[in-house]
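Here's the structure we're looking at; comments come further down.
The values are calculated or read from the model by the stated rules, or taken from the named source; none is laboratory data. No experiment lies behind these values; they were computed from the predicted model shown. Heads up, the Cβs are rebuilt from the backbone with ideal geometry, glycines too, and the neighbour counts pull from every protein chain shown. What goes into the accessible areas is simple: the full protein's heavy atoms, side chains included, and nothing from ligands, DNA or RNA. Shrake-Rupley method; radii C 1.70, N 1.55, O 1.52, S 1.80 Å.
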Amino acid sequence: MSNILIIAPHADDEILGCGGSISYFIKKKFKVYVAIMTNANKGNPKLYSSNLINKIRKESLNAHKFLKISHTYFFDFPAPQLDQYPISLISDAINDLVKKINPKIVFLPHIGDSHIDHQIIHKASLVALRPINKNNLIKILSYETLSETEWGVNS
């Protein structure tokens, strides 16, 4: 059985971008893990209260339970201010997670996405997934997050 990691900038990006793939790989007996990288409360507490963040995370866990995701990891990087945060710290967190779960396939948001948080998670993921980090990766795949990617620059 192989492990798959889906790296999502925000809760629901993994479902919008990889829902079909998640279902496919779980039916094929892969273990699927999801990393949700941001906590909007830290970047914009006026719009995202702690109660709202807890509600969003609970909804994510319910969706993941329904899909039979093996484990969900929540990080607290500051959305929507990832462009003001050291990318090396994001990359280090992703690298640590990759070492922990040892995925064969990793899905990350497409670099052409219009949302800066998605672009930064893409770039931080590529740094973390470099071959020099001695991981067992076979594939790195980008996914389209509908309502974001199609608004970006074609690349």
>> N133 - would you say it is open to solvent by less than 70 Å² (accessible area, probe 1.4 Å), modelled with pLDDT under 85 and within 17 Å of N3 (Cβ to Cβ)?
In response: yes
>> Within the range 114-126, does at least one residue satisfy the condition of being under 22 Å from V32 (Cα atoms), open to solvent by 40 Å² or more (accessible area, probe 1.4 Å) and either part of a loop (DSSP other than H, G, I, E, B) or out of contact with any Ser or Thr (no Cβ under 6 Å at 6 or more places or on another chain) (or both)?
In response: yes
>> With the requirement that a residue be over 14 Å from S142 (Cβ atoms), touching a residue at least 12 places away in the same chain (Cβ under 8 Å) and surrounded by fewer than 21 Cβ atoms within 10 Å (Cβ to Cβ), what does the range 1-32 give you?
In response: M1, S2, N3, D12, I15, G19, S23, F25, I26, K29, F30, K31
> Which one of these does T145 not meet: (1) assigned to a loop (DSSP other than H, G, I, E, B); (2) surrounded by fewer than 18 Cβ atoms within 10 Å (Cβ to Cβ)?
Replying inline: (2)
> Which one is surrounded by the fewest Cβ atoms within 10 Å (Cβ to Cβ), of the residues in the range 98-112 that are within 14 Å of the chain's Cα centre (by Cα) and not in a helix (DSSP H, G or I)?
Replying inline: I111
> Consider D76 against the criteria (1) touching a residue at least 60 places away in the same chain (Cβ under 8 Å); (2) assigned to a strand (DSSP E or B); (3) open to solvent by 40 Å² or more (accessible area, probe 1.4 Å): it satisfies all of them except one. Which criterion is unmet?
Replying inline: (1)
